[in-house]
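A.B. asks: Shown below is the structure under consideration.
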Amino acid sequence: MTSIGTGYDLSVSTYSPDGRVFQVEYANKAVDNSGTAIGLRVKDGVVLAVEKLIQSKLLVPGANRRIQSADLHIGIATAGLLADGRHIVNRARDEAQAWRDIYRQPIPGKTIADRIGQYISAYTLYSSVRPFGSCTIIGTMTDKEPTLYMVEPSGVYWGYRGCAIGKGKSVAKTEIEKLDLENMTVREAVKEITRIIYTCHDDAKDKDFELELSWICPESQYKHQFVPKDLKTEAETLAKESSDDEMED
């Protein structure tokens with residue numbers, strides 16, 4: 001970053017001479033320092049997973065969730081600053097409720113991603129605010145059609161079949177590219193996404209983590225719900241065995 005320290009990073013409304021907005025880049029750095037979050041869109045649904053790093057052994061399991069529901073059919077996984085992620089989820093809930101009040105139907109996935117993207121983008125335009133240090137993966141299912149979007153701290157959003165954010169995103173993307181997502185079921189995706197999270201986690205460097213898993217599929221009546229405990233336990237067992245085999249090789 002050639003222009004650091006020359007004053008171009010003091011305000012989000014200031015461009016550097018080479019056309020960069022440094023505070024947005026710093027916000028991306030906050031996301032890259034966070035636990036990995038992954039979303040997969042498969043033939044019959046969407047699966048979300050988050051590697052939630054445990055900051056203290058005194059924390060209650062299941063507290064400070066990084067996967068939350070914005071509506072019955074919308075799940076959001078966040079990476080980056082937890083408070084910023086919660087703020088974005090609350091905004092998504094307001095947008096989803098407003099759409100229901102006006103149109104009497106669930107908000108489409110592309111619309112919620114667009115509205116959240118516009119909201120996040122507004123925080124990169126004024127010197128009185130700072131960008132959100134959080135990246136969000138939005139999984140939805142409207143009319144039994146799964147969609148997956150990722151919204152960046154700049155407000156840009158993209159539609160994906162599979163995406164990853166956080167410190168293990170490079171490894172995760174490599175693993176996701178090997179999968180046949182077009183023909184995969186959600187149950188297969190749960191096992192694969194769990195394996196990828198365990199592959200990304202470095203036991204030597206990183207703290208212990210708690211795995212969060214959720215899905216939207218026919219089994220959940222097309223609603224966003226956390227994956228049943230027995231399936232999650234089975235997926236984690238297989239992932240641990242797979243990582244142990246890789247270490248032995």
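The values are calculated or read from the model by the stated rules, or taken from the named source; none is laboratory data. As the structure is a computational prediction, the values presented were derived from the model and not from experiment. Using ideal geometry, Cβ is built from the backbone for each residue, glycine included, and neighbour counts are taken over all protein chains shown. Please note that ligands, DNA and RNA were not included when accessible areas were found on the heavy atoms of the full protein model with its side chains. Shrake-Rupley method; radii C 1.70, N 1.55, O 1.52, S 1.80 Å.
A.B. asks: Any idea what the dipole of region 135-249 comes to, in debye rounded to 20, about its Cα centre with Lys/Arg Cβ at +1 and Asp/Glu Cβ at -1?
C.D. replies: Result for region 135-249 is approximately 580 debye, rounded to the nearest 20.
A.B. asks: Moving on to the next point. Per the 1.4 Å probe, what fraction of the accessible area of the chain, in percent, lies on carbon and sulfur atoms?
C.D. replies: 50
A.B. asks: Label points 7 Å out from Cα along the Cβ direction at ASN64 and ASP230: separation in nm?
C.D. replies: Modelled inter-label distance: 3.3 nm.
A.B. asks: Here's a follow-up. Name the residues of region 33-47 whose amide N is less than 19 Å from a point 7 angstrom out from the Cα of ARG161 along the C-beta direction?
C.D. replies: 38-47
A.B. asks: List the relative contact order of region 186-249 as a percent without decimals, with contacts defined as Cα pairs under 8 Å and 6+ residues apart.
C.D. replies: For region 186-249, the relative contact order is 44 percent.
A.B. asks: Place +1 on the Cβ of every Lys and Arg and -1 on the Cβ of every Asp and Glu in region 137-181, take the dipole about the Cα centre, and give the residue among ILE138, LEU148, ILE176 whose Cα lies farthest towards its positive end.
C.D. replies: So the residue we want is ILE176.
A.B. asks: Tell me the relative contact order for region 70-148 as a rounded percent, counting alpha carbon contacts under 8 Å between residues six or more apart.
C.D. replies: 42
A.B. asks: Next up: If Lys and Arg each add +1 and Asp and Glu each add -1, what is the summed charge of the other residues whose beta carbon sits under 15 Å from the beta carbon of GLU25? Please report the intermediate quantities before stating the final value.
C.D. replies: Details: positive: ARG20, LYS29, ARG130; negative: ASP9, ASP18, ASP32, GLU152.
Value of the local net charge: -1.
A.B. asks: Cross-link partners among lysines for LYS207, C-alpha distance below 16 Å, same-chain residues fewer than 8 apart left out?
C.D. replies: LYS52, LYS57, LYS167
A.B. asks: Quick one: 3J(HN,Hα) in Hz for region 72-89, Karplus 6.51/-1.76/1.60 with θ = phi - 60°, rounded, Gly and Pro as x.
C.D. replies: Once θ is set to phi - 60°, the couplings for region 72-89 become 4, 10, 10, x, 10, 10, 10, 9, x, 6, 4, 5, 5, x, 5, 4, 5, 4 Hz.
A.B. asks: Sticking with this one: Give the calculated FRET efficiency between ARG20 and SER170 to the nearest 0.05, with a Förster radius of 25 Å applied to their Cβ-Cβ distance.
C.D. replies: Computed FRET efficiency for ARG20 and SER170 comes out at 0.70.
A.B. asks: Defining a contact as two alpha carbons under 8 Å apart and six or more residues distant in sequence, what relative contact order in percent does the chain show?
C.D. replies: Relative contact order comes out at 27 percent.
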